[in-house]
Amino acid sequence: MFLQILETVSRWAIPFLLLTVPIYGFIKKVPVYESFVEGAQEGFTTAIKIIPFLVGMMVSISVFRASGAMEYLTQILSPVTNYLGAPAEVLPLAIMRPLSGSGVLGMATELMRVYGPDSLIGRIASTMQGTTDTTFFVLTVYFGAVGIKKFRYAVVTGLTADITGFIASVYICNLLFK
């Protein structure tokens, strides 16, 4: 029963938001289309500004993976994840998620291809995609775009949220789907 409710809410959440936000703006007499165009223009300007930060981030991720550091870190952390009930296959996702959203999406896609989207591994990978963030990407790109150079507390806060999201993903998926 709970699973059916969860699936129904998941299915209708985005269409609901896509319908209600413009209606709410219209009711509040906000020029919805003009606001959208203005935001898109600002987004394009920001995208141009952040290209150097993106290049630096992509190089760092490539070096991290190519050096074997990810495999080494996975081996070190595997006793902790085994205790939490996390399959070893999802640990690289937890390590890479703070660094790269697109890299983790590719890894999650591969896990789902191998184990299936309805497997525990596939569900944990999917849940992690929604509950964790690309902390270093956000800090590098967005903070860099507005000129913030000292962001140490943001790193701690972001990584704490990522770890919490990972643990919650594992716990909830084990609770609901195991």
task = Answer yes if at least one residue in the range 97-118 is closer than 24 Å to Gln75 by Cβ, of a type in the set (Phe, Trp, Tyr) and at pLDDT 85 or above, and no otherwise.
result = yes
request  = State all residues of the range 143-162 that are surrounded by fewer than 15 Cβ atoms within 10 Å (Cβ to Cβ) and either outside any helix (DSSP H, G or I) or free of Cβ contacts under 8 Å to residues at least 12 places away in the same chain (or both); if no residue qualifies, say none.
outcome  = Val146, Gly147, Ile148, Lys149, Lys150, Arg152, Tyr153, Val156, Thr157, Thr160
query = Hey, Gly116 hits all of (1) surrounded by fewer than 17 Cβ atoms within 10 Å (Cβ to Cβ); (2) without any contact (Cβ under 8 Å) to a residue 40 or more places away in the chain; (3) touching a helix residue (DSSP H, G or I) at 6+ places or on another chain (Cβ under 6 Å); (4) within 16 Å of Ile172 (Cα to Cα) but one; which does it fall short on?
reply = (4)
key: Phe177 aromatic (Phe, Trp, Tyr), in contact (Cβ under 8 Å) with a residue 12 or more places away in the chain and within 21 Å of Met57 (Cβ to Cβ)   = no
query = Can you find a residue in the range 43-61 that is more than 18 Å from Met96 (Cα to Cα), of a type in the set (Gly, Ala, Ser), without any contact (Cβ under 8 Å) to a residue 60 or more places away in the chain and part of a helix (DSSP H, G or I)?
reply = yes
task = Identify all residues within the range 28-64 that are over 18 Å from Ile148 (Cα atoms), within 23 Å of the chain's Cα centre (by Cα) and surrounded by 12 or more Cβ atoms within 10 Å (Cβ to Cβ); write none if there are none.
result = Met58, Ser60, Ile61, Ser62, Phe64
query = Just wondering, is there one or more residues in the range 104-126 that are within 23 Å of Thr157 (Cβ to Cβ) and of a type outside the set (A, V, I, L, M, F, W, C)?
reply = no
remark   = Screening Ser126, Ser102 for residues that are under 17 Å from the mean Cα position of the chain (by Cα) and loosely packed, with under 14 Cβ neighbours inside 10 Å leaves only Ser102
Cross-chain or 6+ apart pairs with Cβ under 9 Å, the range 1-29 first and within 30 Å of Phe177 (Cα to Cα), then modelled with pLDDT of 90 or more and not aromatic (Phe, Trp, Tyr) = Phe2/Leu176; Leu3/Leu176; Leu6/Leu176
ask   = Being within 22 Å of Ser60 (Cα to Cα), modelled with pLDDT of 85 or more and not acidic (Asp, Glu), is that true of even one residue in the range 133-151?
value = yes
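The values are calculated or read from the model by the stated rules, or taken from the named source; none is laboratory data. Here the structure is a predicted model, which means the values were calculated and not measured. All Cβ positions, glycine included, derive from the backbone under ideal geometry; neighbour counts span all protein chains shown.
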